[in-house]
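Student: Sharing a structure with you now.
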Amino acid sequence: MTTTTITATRGTRTLDASAVAARTTPRPSARETLVQTMAMAWRALEKMRRKPEQFFDVLIQPLLFTAMFAFIFGGAISGSVANYLPVLIPGILAQTALTVCMATGVQLREDMDKGVFDRFKSLPMARIAPLAGPMVADLLRYGIASVLTLLTGLAIGYRPGGGVLGCVAGIALTVAAGWSLAWIFTWLGTLARSAQAVQGFSMAIMFPLTFLSNAFVPAETLPGWLQAFVTVNPVSHVVSAVRALFNTGTVTADVGWALAGCAVVIAIFAPIAVRSYSRKM
């Protein structure tokens, strides 16, 4: 790589030519940033098309977990599978969204380890584009996983009382929650030293958020100290909001809390992830 040597009064420094170019290149406008982000999203979609194994968790997990939880725990928790499905399906949606968005950080770390992002250093590209682009493409993964979860529930007897509009709104809220939480795992992807480390940290976050919530059991059946955590768990608000939309079609206060939580997560972790990514570059 070409380098430039600059002599100063206090000594000699060696600067990377690509770093100099990045600092002297004008900052892209909002329109250019959007175009570059969509270009990175298209690149991610092409990568998914060439590597269909990336859809394994999207296609298999909703089918497996929905059927397994329904038939194993349905009778013990709600008396029957039919009575448990209105409780279970929104919980499976939240769990699936967390699992799918967890893969965002793992794939980012793998690309960084392979040197893929080194090619972007000398390009006049917005810093957020290489991160936001794949996350825009992942919206397709969230949507597929959510629809498959709902279809599996319908196949085993679930009948949402909220109708089509309630289901569409619930899936949209799940996708929004998954996309916002993906910024946390993206940030972890820029910090960890390997993809395995990202996966380990992500699992340590996903399991408490999912299972220490009202996703699979009513909060009233839990011990008092655990109910306190379940109440403030953001996943609980998402699950309660989706549950109301699916089962009754009503928009409750949990919808507002869930959307507010998504906005807070994006406002905090998106800048942190971009800053951490820029330092690594």
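Student: Any residue at all in region 228-237 that is among the polar types (S, T, N, Q) and loosely packed, with under 15 Cβ neighbours inside 10 Å?
Tutor: yes
Student: Taking the stated definitions as given, is M40 among the aliphatic types (A, V, I, L, M) and either in contact (Cβ under 8 Å) with a residue 40 or more places away in the chain or within 30 Å of L123 (Cα to Cα) (or both)?
Tutor: Here the answer is yes, as M40 does meet what is asked.
Student: With I89, I128 as the choices, which residue is β-branched (V, I, T), in contact with a Phe, Trp or Tyr (Cβ under 8 Å, 6 or more places away or on another chain) and more than 14 Å from V175 (Cα to Cα)?
Tutor: Exactly one residue qualifies, and that residue is I89.
Student: Another question, then. Please enumerate the residues belonging to region 132-158 that are of a type outside the set (V, I, T) and either in contact with a Pro (Cβ under 7 Å, 6 or more places away or on another chain) or more than 20 Å from M40 (Cβ to Cβ) (or both).
Tutor: A145, S146, L148, L150, L151, G153, L154, A155, G157, Y158
Matching residues to (1) farther than 13 Å from T37 by Cα; (2) surrounded by fewer than 20 Cβ atoms within 10 Å (Cβ to Cβ); (3) not aromatic (F, W, Y):
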residue: R109; (1), (2), (3): yes, no, yes
residue: L123; (1), (2), (3): yes, yes, yes
residue: V136; (1), (2), (3): no, yes, yes
residue: L139; (1), (2), (3): yes, yes, yes
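Student: Now for a different question. In this structure, is L259 under 19 Å from L93 (Cβ atoms) and within 16 Å of the chain's Cα centre (by Cα)?
Tutor: yes
Student: From the list S213, S202, which one is in a loop (DSSP other than H, G, I, E, B) and either touching a helix residue (DSSP H, G or I) at 6+ places or on another chain (Cβ under 7 Å) or hydroxyl-bearing (S, T, Y) (or both)?
Tutor: Unique residue meeting the criteria: S213.
For every residue, the table says whether it meets (1) crowded, with 19+ Cβ neighbours inside 10 Å; (2) among the charged types (D, E, K, R); (3) under 30 Å from R275 (Cα atoms).
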residue: V168; (1), (2), (3): no, no, no
residue: T174; (1), (2), (3): yes, no, yes
residue: I184; (1), (2), (3): yes, no, yes
residue: A192; (1), (2), (3): yes, no, yes
residue: P208; (1), (2), (3): no, no, yes
residue: F211; (1), (2), (3): no, no, no
residue: A215; (1), (2), (3): yes, no, no
residue: E220; (1), (2), (3): no, yes, no
residue: V242; (1), (2), (3): yes, no, no
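Every number in this text was worked out from the coordinates using simple rules, so none of it is lab data. Being a predicted model, the structure only gives us computed values, none of them experimental. Quick reminder, even Gly has a Cβ in these numbers, built from the backbone with ideal geometry, and neighbours come from all protein chains shown.
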